[in-house]
Amino acid sequence: MDEKRINNALSVLLPTLDLATTTQSQVRSMLEKELSVKEGSLKKHKKRIRELLIEKMAAQEKSAKKKKKSMDASKKKKNRKAIAEDSEEEQDENEQDENEDGDDASFDDGDNDEDDGDDSLNPTSDEEVENEEEEEEEEE
C-alpha cells in the first residue's frame with residue numbers, strides 16, 4: 001500500500017474523528033473503507049498508520065494553537081484600540097465640559113446695583129456688622 005494514499009486518506013478522515021474515543025483499529029478500518037481495500041489489509045501497516053496519525057494530530061494541534069494565538073492577538077489589538085477610542089472620547093468630553101464651564105463666567109447674579117466688588121451676603125468686618133445693626137435699630 002502506498003504511504004501517500006494512506007496519508008491523504010488519513011487527512012480526509014482526521015477532521016471527522018473523535019480522537020478521545022476512536023481506537024487505532026477503528027481508524028484502520030475507516031481507512032480501509034476510504035481506500036476501498038480489503039478488510040484487514042492495512043493491519044501490516046499498523047505501526048506506520050499510528051505514526052502518521054500522531055504526526056497529523058500534532059500538526060492539527062499546532063495549527064489550532066497558532067490560530068488561537070492569532071485570534072487572541074487580534075482580540076487584544078481590538079481591545080487596545082477600543083480602550084484608546086474610549087479614552088479619546090472621554091478626553092474630548094472632558095475638554096468640552098471645561099469649555100462649557102468657562103461660559104459661566106458671565107453669570108448674572110440678579111444684583112442690579114453697581115458692582116461694589118463684594119457679592120457676599122454676610123458682612124465680614126466688625127464695622128459692617130455695627131452699621132447693619134444701627135440701620136436695623138433706626139428702622140424699628
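The values are calculated or read from the model by the stated rules, or taken from the named source; none is laboratory data. Predicted model, so just to flag it, every value in this text is computed and none were measured. Every residue, glycine among them, receives a Cβ derived from its backbone with ideal geometry; neighbour counts consider all protein chains shown. Just the protein is used for accessible areas: all its heavy atoms, side chains included, with ligands, DNA and RNA removed. Shrake-Rupley method; radii C 1.70, N 1.55, O 1.52, S 1.80 Å.
Summary table below
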| item | result |
| --- | --- |
| Count of segment 14-45 residues which are in a helix (DSSP H, G or I) and open to solvent by less than 100 Å² (accessible area, probe 1.4 Å) | 14 |
| Any hit, segment 63-78, residues being outside any loop (DSSP other than H, G, I, E, B), open to solvent by 80 Å² or more (accessible area, probe 1.4 Å), at pLDDT 75 or above and polar (S, T, N, Q) | no |
| Evaluation of residue 59 against (1) without any contact (Cβ under 8 Å) to a residue 24 or more places away in the chain; (2) of a type in the set (A, V, I, L, M); (3) farther than 17 Å from residue 14 by Cα; (4) open to solvent by less than 80 Å² (accessible area, probe 1.4 Å) (one fails), failing number | (3) |
